[in-house]
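Here the structure is laid out as structure tokens; the discussion comes afterwards.
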């Protein structure tokens with residue numbers, strides 16, 4: 001199956017199926033000499049893994065990562081790094097009723113039309129289970145970015161279904177199952193999710209993710225713009241139906257006098273551009289917002305067809321996230337790290353010896369959204 005590799009110089013190829021023996025990825029292009037071990041990666045996987053609260057799928061996976069290649073005496077060698085995560089809690093019989101039918105809103109139908117066959121167990125390759133290797137690869141990228149450029153990545157949920165989540169502090173993000181930068185509204189979000197699960201329904205979410213400390217100058221003109229590559233990567237995340245950079249769709253209603261980020265010797269006065277101009281980073285925070293659709297695997301009966309084209313009714317059993325956006329924050333952070341890592345190496349390859357006399361202006365007051 002094509003379309004399983006992300007990146008140009010820092011390339012990540014994802015493999016496996018939801019109910020196969022294992023999932024994983026191969027990272028090609030990681031620079032040599034990076035100190036790396038499983039613990040560097042496991043922390044990020046633990047943030048994403050299932051079964052961490054009653055509001056997500058109760059599939060019990062340890063998501064324990066194994067590094068199979070690319071290391072010698074604790075350092076990356078510059079050769080391909082293979083990361084493996086074994087599946088241990090598959091319940092394939094839960095999908096027996098989906099062998100000949102298609103879930104509305106799911107990739108069942110399109111995979112069948114494209115390949116003429118599909119793996120119905122947990123969605124096969126279309127499962128959100130395949131985001132675990134992405135998070136693992138992202139952990140490698142974000143460690144290198146932190147060590148070499150001081151880049152910090154952070155994300156949080158800003159909307160759950162029709163509930164807007166007011167920003168209070170990023171310090172609250174690790175302390176609740178929603179990755180919300182909020183403490184006071186968590187009981188309301190939990191009550192909403194409990195009612196949703198009881199009704200056999202699902203909802204969407206909005207996630208913000210940012211990168212602070214990205215140097216000015218990363219990115220390419222035209223079709224390899226930094227923001228274009230970010231949007232491409234984010235749209236590769238299961239259930240994402242919209243990506244905004246900076247002001248995004250709000251820029252439609254803005255005037256040029258408002259949207260254009262004025263420059264002063266002390267820094268940019270705003271960051272409506274989301275840290276990217278002309279496809280190249282400005283040195284400000286990179287700010288991205290994702291719209292995630294409701295989960296398509298729900299218990300409520302839905303109209304569909306079978307493989308013969310006859311009318312059918314579909315009910316999805318098994319263990320599913322009623323809102324896939326709840327666990328999306330670490331994945332969005334990983335994807336942003338992968339794109340930035342790739343562009344860091346691309347910039348170093350072409351423009352690493354470029355020097356200019358114009359001083360870099362401060363961007364401390366320019367964040368359009370808190371990180």
Inset, instruction - Answer yes or no as to whether residue 194 is assigned to a loop (DSSP other than H, G, I, E, B) and more than 17 Å from residue 328 (Cα to Cα). - result: no
Inset, instruction - Might you let me know whether the stretch 154-177 holds any residue that is in a loop (DSSP other than H, G, I, E, B) and under 18 Å from the mean Cα position of the chain (by Cα)? - result: yes
Inset, instruction - Could you pull out every one of the strands (runs of 3 or more DSSP E) wholly within the stretch 1-75 that has 1 or more residues that are more than 18 Å from the chain's Cα centre (by Cα), surrounded by 21 or more Cβ atoms within 10 Å (Cβ to Cβ) and at pLDDT 95 or above? - result: 65-67
Inset, instruction - Select from the stretch 233-280 the residues that are outside any loop (DSSP other than H, G, I, E, B) and touching a strand residue (DSSP E or B) at 6+ places or on another chain (Cβ under 7 Å) and list them in ascending order. - result: 233, 234, 235, 240, 241, 242, 243, 244, 245, 248, 276, 280
Inset, instruction - Exactly one condition in (1) at pLDDT below 95; (2) more than 30 Å from residue 346 (Cα to Cα); (3) out of contact with any helix residue (DSSP H, G or I) (no Cβ under 7 Å at 6 or more places or on another chain) is not met by residue 221; state its number. - result: (2)
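Out of all the residues in the stretch 245-256, is one or more under 24 Å from residue 5 (Cβ atoms) and at pLDDT 95 or above?
Scanning the stretch 245-256 turns up at least one residue that is under 24 Å from residue 5 (Cβ atoms) and at pLDDT 95 or above.
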Inset, instruction - Name every residue in the stretch 294-324 that is surrounded by fewer than 21 Cβ atoms within 10 Å (Cβ to Cβ) and touching a helix residue (DSSP H, G or I) at 6+ places or on another chain (Cβ under 6 Å), in order of residue number. - result: 317, 318
Inset, instruction - Quick one: which residue in 236, 274, 246, 279 is in contact with a helix residue (DSSP H, G or I) (Cβ under 6 Å, 6 or more places away or on another chain) and closer than 27 Å to residue 338 by Cα? - result: 279
Legend entry - Residue satisfying condition, being within 25 Å of residue 236 (Cα to Cα) and at pLDDT below 90, within set 369, 337, 303: 369
Legend entry - Tally, over the stretch 198-221, of residues that are surrounded by fewer than 17 Cβ atoms within 10 Å (Cβ to Cβ) and outside any loop (DSSP other than H, G, I, E, B): 1
Inset, instruction - May I ask you to say which residue of 142, 86, 113, 129 is more than 30 Å from residue 191 (Cα to Cα), modelled with pLDDT of 85 or more and under 15 Å from the mean Cα position of the chain (by Cα)? - result: 142
Inset, instruction - Return yes or no: is residue 313 over 18 Å from residue 152 (Cα atoms), touching a strand residue (DSSP E or B) at 6+ places or on another chain (Cβ under 8 Å) and not in a loop (DSSP other than H, G, I, E, B)? - result: yes
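The values are calculated or read from the model by the stated rules, or taken from the named source; none is laboratory data. Owing to the predicted nature of the structure, the values given are computational and were not obtained by experimental measurement. Heads up, the Cβs are rebuilt from the backbone with ideal geometry, glycines too, and the neighbour counts pull from every protein chain shown.
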